[in-house]
1. Just the Cα atoms of the protein assembly as shown: what Rg and Dmax do they give in Å?
2. Loop only per DSSP, at most 14 neighbouring Cβ atoms within 10 Å: give me the GluC sites (Glu not before Pro) in segment B:106-173, ordered by residue number.
3. Show which lysines lie in cross-link reach of A:Lys257 when reach means a straight Cα distance below 29 angstrom and same-chain residues fewer than eight apart are skipped.
4. Tell me, what HN-Hα J-couplings in whole Hz come from the Karplus equation 6.51 cos²θ - 1.76 cosθ + 1.60 at θ = phi - 60° for each residue of segment B:520-531, using x for Gly and Pro?
5. Can you tell me the order of A:29-37, B:95-103 when each peptide is scored by its average per-residue count of other Cβ atoms within 10 angstrom, highest first?
6. If you average the C-alpha positions of segment A:78-128 and of segment B:178-246 separately, how far apart do those two centres end up, in angstrom?
7. For segment B:65-135 and segment B:620-673, what is the centre-to-centre distance using only Cα atoms, to the nearest Å?
8. Rounded to the nearest angstrom and ordered from largest down, what semi-axes does the equivalent ellipsoid of segment A:55-183 get from its C-alpha gyration tensor (root of 5λ)?
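All of the numbers you see were taken from the coordinates with simple rules; none came from a lab. Just so it is clear, the model here is predicted, and its values are computed rather than measured. Glycine also receives a Cβ, built like all others from the backbone with ideal geometry; neighbour counts cover every protein chain displayed.
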Amino acid sequence: MTEVLPRLETRDADADVGGTRDPWLAVGLRVLTASPIGTIGGVILLFWAIVALFAPWLTAYPPNRIDYLLIADPYPSRAHWLGVDNLGRDMWSRIAHGARTVLTVAPIAVLTAAILGSILGLLAGYRGGWIDALITRIGDTMLAFPKIILYLIIIAKFGASAFNIIAVIGLTSAPIIARIVRAVTLDVKNRDYVAAARMRGESAAYIMLVEILPNVRGPLIVDFFLRLGYTTIAIGVLGFLGVGLPPPDPDWGGMVKETYGLLFVYPHMTLIPCLAISTLVIGFNFLATGLKEAGQDG
Amino acid sequence: MAETGDRVREWPMPDGATAPTTTAMLTLDGLGVEANGRRGSSRILQDVSFDIAPGEAFGLVGESGCGKSTVALAVMRYLGRGLSLTNGRILFEGRDVAAMATAELRALRGNRIAMVYQDPMSSLNPVMTIGRQLIEVPLLHGETDAAKARARAIAMLGEVRLPDATAMMERYPHQLSGGQQQRVVIAMALMAEPKLLIMDEPTTGLDVTIEAAILDLVTELRAKFGTAILFISHNLGTVARLCDRIGVLYAGRLVETGSIRDVFKAPAHPYTRGLLAALPEHKAPVAGGGHRRLSPIDGTLKAADRARTGCAFAPRCGHVEPVACETRPIALTAVMGDGAHMARCSRLAVVAAAKPSARTSMPAAAANRGQVLLALDKLSKRYDLTGRFGFTSGASIYALSDASMAARAGETLAIVGESGSGKSTLAKVVSGLIPATSGSATLRRAAPHSSAPGGRLREAESPGATEDTGALHTSAPGGRLPTGESPGAMQEEIGTVGVDQRSPDTRRRIQMVFQNPDSTLNPSHSIEFALTRPLRQQRGLSRADAKAEVLKLMERVRLPADLLRRKPHQLSGGQRQRVAVARALAGQPDLIIADEPVSALDVSVQAAIVNLLGELLETGDLALVLISHDLGLVRHMADWVAVMYLGRIVEYGPASQVFAAPFHPYTEALLEAAPKPDPDASAPAIVLKGNMPSPTERLAGCGFASRCPKKIEGVCEREMPPVRQFGAHTIACHRELSGGATTSV
């Protein structure tokens, strides 16, 4: 799902090129190749996306099969490419299946945040007045809390589940997205095309969703990928603190938590999931940077 | 490239021709600049050669994207990243700028060469006082005594005619008006007594009256300090007023150069001819209604044109001949054996022989023409300022006061005035974006075609007709309704009604064309969407009908249908503005408000939009309210003119009468200040000083009194001026203007 690239607004110096609507794929490719850093990010994400998508076929062992006999020599071998963990479970299989969880939960959580944040930001920016004051204040209050404490409070109260993680991340990220959307809305709502829409008698909902929202997508898309990176970290942290996805399903943060005691004995057990988290986050960040650059001088 | 017909500068010209050859202050010799980006390189400037003698003013004109500013940057060696000087030399006082060391360059910039940019606010540091910024200049360039530097700064502020120079030193840029800021920037540029002053569109963002004052100032300072000036502008009028010689730049090449007089009187290159022909006549009798057509230059400047081997203008030229124009590079050649006037055209003789295309004048006869569609009566808009904690602070901005006028079917009502005069507020009130505080605006329905107001004479066709019987007088609201019309159902009050409260039909009947082509269309939507939506929403057309109607609209604004799938950023400014006109037409409105519809466009495309607006009026059903600061345009388009100052109408009447004496002093000053593309036009006799008073004050007398050159002491500031009436023409002024009967307000 991460390789899905939305159309980006590109500024064309010459009004005469690019006559018709570009095919969707071509735009995606152009954005990816527009900056080297974006290309690297894209390749990393493509790798993880393929791993996640084809995990059952790319792995030889089920992720949760415990084989105590393997603990004697847990290091990477021909049979177990990345070795096995403290319970003798295949690391590669757990990493690959762990990618599935992260790449499902993170995008859904961020999408939730984006939708919620966009609605709030549009309302605050377009309506102004007390609605703006209310939304902004509540958002600011939420942002004033350290996020990790908010996560712990909510998950400790409602229990650790994929749904709760999505809800808590969606809720805590929404104010930041609302802030971005509000800022763009404040600018865009004074543009002449919004005045033209008002003079046509368009409804406020139409103006917000059709006239304003599409113009927010540039910063929103960049933020979306950056936030996917943050969310990957957040999921890892929750897993590490033991309030992530419930065991035994593989979860990168949980893998680190279960094995970090053995860091100096069997370093691969801890470092490999760490590396997986880092590369995925770097991939998201690079792609966000690449999209930003593509948007600037496309 | 070097052996083109360029003037040879290293040795005197054979017959000792006009140009000061050996003593040139600045010499550009075959200048070439390339941009190198990730997508390959492109030529930005190519073979640009000219020189400027000490004390001479050289104007560089051309449309946006032709490389004017790059020339200025190249001279300062300020070319940005990715731009590099590839050919030619830049000699300043005989020394090659490209070969200078960094230290030498630093001594040169700001000291020997100074620059004035378009936007004064971005040239001034907002956190430093004017004084500190001025004193910095001499201190940087060798002055050690701070007191002396300060004295010089104060003297220089006096030179640029800023009032109370000592107090001005302590102020911050934001406390000054745009015109004052630009004066400070000019003062700063002149502090180091530069030999060459580069001015890049120094007056573009300013009002005509301020512009006239700045141009006056530059002319005066130039005479005083003997500074050479490189004046970059897109406005031929300002160049004609200020410069001795002119260079016309197109697609990075100098296409014509010569003395102002030669180039304006006998333009040789088709592009120059086109530019001059595209301007509305400033001497002809007031045309009105836009019935006369202007001659736009077809097409637009494309990035690819810069790479052409032959003439870059060939794709837009009416005289193009493939072999002569497109196969080989074309050199600057002397026009009619005159070494000082040169043009880069291979078909000079053919072009010179060609007559400028006759401007077609359209017959105008339509049933509804002249019927009042919109009548404003004492329309006012006041903003109450909110103080702390949301309480009213008591202060108010009087954006619009007692505006009364009428817009008629088939005719143009032009509203002119400086920025802050309330003309845009008026547009917003009529469009409903801001409801008025008091007064009324009545939108009427045109009578059915059968009841033609009996053979009313057109102003433009019969300039002799002084008394306009069909005209509804401003101060007589309600007035005479067209025959066969029942007043009740046929008119609707819209003045104090916001757009959200208006009926869908009323909304449909008033549409607007906005100023800025960049923000008039939603960048996220295709052209097709932008046009289809109003058709479906306002006229309730089905998808298929709307599609057919969109094609008709595109045809009506002369745009090819294949643009429909594009996004606004893929269109040129002129094309976008046409789409905006098409969008306004989609709902079949009765009234179109055009707020500065061409001011953001290049001269060559302006004419096409002006023609388009003129064509719309031909049907006779549509009324146009044109808001503009460009008096040339107003003269060309308007049937009726309202001159506004400080939210009030100071003069109103049929265009032919407003543009003829007697004038309100403000109208007179505006007319004088408007730059005319004619080197023989006399310098403006009246240059307004000072600024418009703050609109937060409720003045007892005439708002213009503080700047009026003909003020009657003790009367004008104290009493509201009476409205003097000359037939349909009204002037609000205390002075006795010949032939007027006075009525009280």
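1. My reading of the Cα-based Rg and Dmax gives 34.0, 116 Å.
2. Details: sites: B:Glu136, B:Glu143, B:Glu159, B:Glu170; in loops: B:Glu143, B:Glu170.
Sparse-neighbourhood loop GluC sites (Glu not before Pro): B:Glu170.
3. Once the sequence-local lysines are set aside, what remains near A:Lys257 is A:Lys147, A:Lys157.
4. 6, 10, 6, x, 8, 10, 6, 4, 4, 4, 4, 8
5. Those peptides, ordered most packed to least, come out A:29-37, B:95-103.
6. Comparing the Cα centres of segment A:78-128 and segment B:178-246, I get a distance of 61 Å.
7. Taking the Cα centre of each part, segment B:65-135 and segment B:620-673 sit 40 Å apart.
8. Details: eigenvalues 382, 45, 20 Å².
Semi-axes (√(5λ), whole Å): 44, 15, 10.
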